Amino acid sequence: MTTMTGGELITMMLKEEGVEKVFGIIDGTYFGLYSSFGRHGIELITPRHEATAAHMAGAYARLTGRLGVCIASSGPGVANVLSALPAENGEGNRVLLVTSSRRLGIIYPDRGGAYQYFNQVAVIKPMAKWSGVVPDASRIAELMRRALRISYRGRPGVVHLDVPDNIMNGKEKMPGLWAVPQYRRVEPLCPAPDQVERAARMLVKAQLPIIHAGSGIIHAHAYEELAEAATLLHAPVTTSWSARGVLPETSPLSWPMIHVKACNELRNGADLVLCLGSRLGETDWWGKAPYWRLPGEQPLIQVDIDEEVLGCNRPADLPVLSDVKVFLRQLIERLRGMESEIEIKSRQAKVAKLSEQRDKDRAKLDEKLNDQSTPMNTAHVARVCREVFEDDAVIVFDGGNTAVWGNFYHQIRVPNTQLSTHHFGMLGAGVGQALGAAAARPDKQVYCIIGDGAFGFHPQEVETAVRNNLKVIFLVCCDKQWGMVKINQQFALKPLKTMVKKSLGPDETINADLGEIEFDKLAQAMGAHGERVAEPEGLRGAIERSLASGRCSVIHVDVDPVKHMWAPGLLHFKAMHQEPAGK
Ligand SMILES: Cc1ncc(C[n+]2csc(CCOP(=O)(O)OP(=O)(O)O)c2C)c(N)n1
Ligand SMILES: [Mg+2]
């Protein structure tokens, strides 16, 4: 038994979990927590808004495979962090949020008039995997262990522990720590004995199996296994939006999700699906026809660490509760002994035929790059970035149409180098994600392609980047409008005129226009490098100078506002919001 604050006990448990960085803003209510970080080798990184702290933690967790930890203080600090929680939980990022609340005795329930108090657990509970309050110092360790156990069980997400300030800051005799494997599983889940054999048989017998990969591949670090299994089977790979690039998109077996028609054709041409770490959610069209073949004609092998996910959106003919990496390793071993049974030639012919649609689509999209007019066509932004930045740089997409353009003109060449809020579509989250990425991978380049609306939610974090030497390069696509919503409004208000004129007049839409912020100058005012560019040929130089500056940089990119509204794939995006017609 050692005497320490409740906060220090939490710090020591975080250290046991391998935590090296925590994100959050200081307050007296949890002085006992963060004042002990330094003693235990943990760094506190402080943004200028608590939502940023949570997005930094989420990005950090996804890119490092560690726990992402953020803190927020009683009342207003927690109120601010709330906006980020559904996004981080939705994206499935492994985030632990530790909050302070007021002293026991006046809260839970509110005595009536308690300062900086609301029922933080009740509010966070429906946004998280788990949320609980520590009712007594003797229960800190037990409840931390529970939060951590739940954090590592099933699909990752947000867990939350609320600690009253008298417990956080008060000194008590604390018990010794349990080792991590004494309170949560650290061994990966293995498939049931005959399931790999059955899966191998199905995959060998099929005419054309495909693999659909979700973020489970990222959490299990199963990139090499995925590539090897796909090659052995000659199985094309589609991904969820957030798992883009888990098989490098330079591979002929990769079907990036931006080629919607080609993915539909592939999914209808396959007679077996091996789904790895994906729920087949809305952005995967729920696994339903006409985007996928009918379940009766296309059996599903689904592998996931979360039992809740198995068979949740499409009937699973072989549901496998397993870590995807362990499953793939065993599958590869088994397939190696069956290679001669696989009709590779016929699969190769089928895949070659199907790839025509994908390659045609790419060529058609690339025609936009011939447009050299000023202000630039947004297509250039992601394409020039891809040419200038390293293949293993981290790219963050944020904004409405900006994220669409970014996705369509970018290629992910190294697994787990792409971030966005693919499930939550949260404008502005990219700022924190990019900062979190730079904290996670200090030796790698990080850039963020972001809309002028989205960047306006958190521009003050440029100062955070400067202060913490996080060398993110922001490319802000400035069309002076909420572009994605404006095009939808135009179709809703005056569809014919929109089709003919491409754009309505300034008074014909509802609050869709924004004034200009000179983001390059704003950045300079915070000590960052700033550039402004409108011509496509000027973009490369602006990025190169930003890299050479060795600082966080903001490039204000003037894009053609009308062309920007007509982003690729918008009809598919709209269609995705409706229930697919098939079973
Ligand atoms: C936090 C948040 N608020 C509102 C929305 C609704 N919304 C979706 S796209 C969009 C417009 C985005 O504008 P901008 O970031 O400038 O990107 P653009 O479409 O112009 O490229 C809005 C308001 C959202 N997704 N997230
Ligand atoms: Mg905009």
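Below is a table of values for the structure above.
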{"quantity": "Burial order of peptide ranges 358-370, 262-274, 543-555 (average beta-carbon count within 10 Å, highest first)", "calculated": "262-274, 543-555, 358-370"}
{"quantity": "Relative contact order computed over region 297-428 (Cα-Cα under 8 Å; 6+ residues apart), in percent", "calculated": "15"}
{"quantity": "Taking the convex hull of Cα positions in region 265-386, its mean projected area over all directions (nm²)", "calculated": "10.7"}
{"quantity": "Under 18 Å from the Cα of K345 - aspartates and glutamates, other chains or at least 8 residues apart", "calculated": "E228, D271, E356"}
{"quantity": "Heavy-atom surface of region 1-150, accessible at 1.4 Å and reported per residue (Å²)", "calculated": "34"}
{"quantity": "Euclidean distance between Cα centres, region 329-362 to region 467-519, Å", "calculated": "43"}
{"quantity": "Within region 52-127, trypsin sites (Lys or Arg not before Pro) in DSSP loop having at most 11 other beta-carbon neighbours inside 10 Å", "calculated": "R111"}
{"quantity": "Theoretical FRET efficiency, 1/(1+(r/R0)^6), r = Cβ-Cβ of A525 and A492, R0 35 Å, to 0.05", "calculated": "0.35"}
{"quantity": "Accessible surface, region 192-336, averaged per residue in Å² (probe 1.4 Å)", "calculated": "34"}
{"quantity": "Accessible surface of region 1-62 [probe 1.4 Å, protein heavy atoms]: carbon and sulfur percent", "calculated": "52"}
{"quantity": "Mean projected area (nm²) of the alpha-carbon convex hull when the chain is viewed from all directions", "calculated": "27.7"}
{"quantity": "Dipole magnitude of region 1-84, debye to nearest 20 (Cβ charges: Lys/Arg +1, Asp/Glu -1, about Cα centre)", "calculated": "160"}
{"quantity": "Protection proxy ranking, peptides 525-536, 507-518, average beta carbon neighbours within 10 Å, highest first", "calculated": "525-536, 507-518"}
{"quantity": "√(5λ) per eigenvalue of the Cα gyration tensor, region 330-398, largest first, Å", "calculated": "39, 19, 8"}
{"quantity": "Amide H partners (placed H, <5 Å) of V396, local residues excluded", "calculated": "L419, Y447, C448, I449"}
{"quantity": "Percentage relative contact order, region 1-135, counting C-alpha pairs under 8 Å, at least six apart", "calculated": "21"}
{"quantity": "Partner lysines for K444 [C-alpha distance under 24 Å; skip if fewer than 8 residues away on the same chain]", "calculated": "K21, K471"}
{"quantity": "Cα centre as origin, Lys/Arg/Asp/Glu Cβ charges: region 185-257 dipole, Debye", "calculated": "220"}
{"quantity": "Separation in nanometres of the label points that stand 7 Å from Cα toward Cβ, at E339 and S549", "calculated": "5.2"}
{"quantity": "Gyration tensor verdict on region 1-101 (Cα atoms; rounded if a/c is under 1.5, prolate if a/b is larger than b/c, oblate otherwise)", "calculated": "oblate"}
{"quantity": "Heavy-atom accessible surface of region 188-329: percent carbon and sulfur, 1.4 Å", "calculated": "54"}
{"quantity": "Region 110-213: C-alpha gyration tensor shape, a/c 1.5 cut-off, then a/b vs b/c", "calculated": "oblate"}
{"quantity": "Under the Karplus curve 6.51 cos²θ - 1.76 cosθ + 1.60, θ = phi - 60°, whole-Hz ³J(HN,Hα) for region 525-542, x wherever Gly or Pro sits", "calculated": "5, 9, x, 8, 7, x, 9, 9, 8, 10, 8, x, 6, x, 5, 4, x, 5"}
{"quantity": "Cα-based shape type of region 431-487, given that a ≥ b ≥ c are square roots of the gyration tensor eigenvalues and the cut on a/c is 1.5", "calculated": "prolate"}
{"quantity": "Euclidean distance of C-alpha centroids, region 524-544 and region 242-294, integer Å", "calculated": "37"}
{"quantity": "For region 14-19, 3J(HN,Hα) per residue [Karplus equation, 6.51 cos²θ - 1.76 cosθ + 1.60, θ = phi - 60°, Hz, x = Gly/Pro]", "calculated": "5, 4, 4, 7, x, 6"}
{"quantity": "Cα pair distances in region 53-105, grouped into 5 Å bins until the bin that holds the longest one, percent each", "calculated": "5, 23, 29, 21, 12, 7, 3, 1, 0"}
{"quantity": "Principal axis dimensions, region 73-157 - Cα atoms, whole angstrom, descending", "calculated": "38, 30, 17"}
{"quantity": "Positive dipole terminus of region 126-285, leading residue within M144, L247, V134 (C-beta point charges)", "calculated": "V134"}
{"quantity": "Accessible surface of region 487-526 [probe 1.4 Å, protein heavy atoms]: carbon and sulfur percent", "calculated": "59"}
{"quantity": "Candidate lysines for bridging to K486, where Cα separation is under 26 Å - those fewer than 8 sequence places away on the same chain excluded", "calculated": "K261, K364, K368, K494, K497, K501, K502, K563, K574"}
{"quantity": "Rel. contact order, % - alpha carbon contacts under 8 angstrom, at least six apart, the chain", "calculated": "13"}
{"quantity": "At q = 0.14, 0.16 Å⁻¹, base-10 log of I(q)/I(0) for region 175-237 (Debye sum, equal scatterers on each alpha carbon)", "calculated": "-0.58, -0.69"}
{"quantity": "5 Å-binned pair-distance histogram of region 412-546 (Cα, whole percent)", "calculated": "2, 9, 16, 18, 18, 15, 10, 7, 4, 1, 0"}
{"quantity": "Alpha-carbon centroids, region 26-76 and region 162-190: separation in whole Å", "calculated": "17"}
{"quantity": "Interchain or long-range residues, amide H under 5 Å from V133's placed H", "calculated": "D162"}
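The values are calculated or read from the model by the stated rules, or taken from the named source; none is laboratory data. As the structure is a prediction and not an experimental result, all values here were calculated from the model. Cβ: placed from backbone, ideal geometry, glycine included. Neighbour counts: every protein chain shown. Note: accessible area is taken over every heavy atom of the protein model, side chains too, but ligands, DNA and RNA are not part of it. Shrake-Rupley method; radii C 1.70, N 1.55, O 1.52, S 1.80 Å.
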